[in-house]
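The values are calculated or read from the model by the stated rules, or taken from the named source; none is laboratory data. In this text the structure is predicted, and so the values were computed from the model without any measurement. Here the Cβ is made from the backbone with ideal geometry for all residues, glycine too, and neighbour counts use every protein chain on show.
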Amino acid sequence: MTPQELRRFCLEFNASAEEFPFGPDASVFKVLGKMFALSVLDASPLTLSLKCDPDEALRLRKEHAAIVPGWHLNKRHWNTVSVHELPDRMVRELVEDSYDLVVAGLPKAERLRLDRP
């Protein structure tokens, strides 16, 4: 997955937006103001930080050397993924899981607006 493909995929979700609160290099992908992904898209290697269920985060870290605790984030709830070391399908699933987890924490009225009860 290229950085451009990753950006496009993150922006395909309902109400997603790319912002730069940490400077011009760090793309922060948010849904209704809440972060679900973070990446420096021109970095090498390309990494992506994603929200994750704490138990699932631990399991993923044990099973995949390319998944580590979130860099500069709450290590319990965030993983950092080396994008090129995992299959594209898995990266897409992890991004979608992160988005869904963030949406689940939104107020019901906002979830309904996103068609994700």
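Between Gly33, Gly70, Gly105, the distinction of being on the phi > 0 side of the Ramachandran plot and either surrounded by fewer than 14 Cβ atoms within 10 Å (Cβ to Cβ) or out of contact with any helix residue (DSSP H, G or I) (no Cβ under 8 Å at 6 or more places or on another chain) (or both) belongs to Gly33 only. Restricting the first member to the stretch 39-60 and to residues that are on the phi < 0 side of the Ramachandran plot, and the second to residues that are of a type in the set (Lys, Arg) and at pLDDT 95 or above, the beta-carbon pairs closer than 7 Å and six or more apart or on different chains are Leu41/Arg7.
Taking each residue of the stretch 1-24 that is over 17 Å from Leu46 (Cβ atoms) and touching a residue at least 24 places away in the same chain (Cβ under 8 Å) and looking for partners that are surrounded by 16 or more Cβ atoms within 10 Å (Cβ to Cβ) and hydroxyl-bearing (Ser, Thr, Tyr) with beta-carbon atoms closer than 7 Å, six or more apart or interchain, yields Phe13/Tyr99.
Within the stretch 23-38, if we keep just the residues that are part of a strand (DSSP E or B) and of a type in the set (Gly, Ala, Ser), the residue that is farthest from Leu101 (Cα to Cα) turns out to be Ala26. Each residue in the stretch 33-57 was checked for being out of contact with any strand residue (DSSP E or B) (no Cβ under 8 Å at 6 or more places or on another chain) and over 29 Å from Leu114 (Cα atoms), and 3 of them qualify. Per this entry, Leu46 is not counted among residues that are closer than 22 Å to Pro107 by Cβ and more than 12 Å from the chain's Cα centre (by Cα).
The residues listed here are His84, His77, His64; of these, the one that is surrounded by fewer than 19 Cβ atoms within 10 Å (Cβ to Cβ) and either on the phi > 0 side of the Ramachandran plot or in contact with a Lys or Arg (Cβ under 9 Å, 6 or more places away or on another chain) (or both) is His77. Where helices (runs of 4 or more DSSP H) fall entirely within the stretch 42-117, those with at least 3 residues that are under 20 Å from Phe13 (Cβ atoms) are at 88-104, 108-113.
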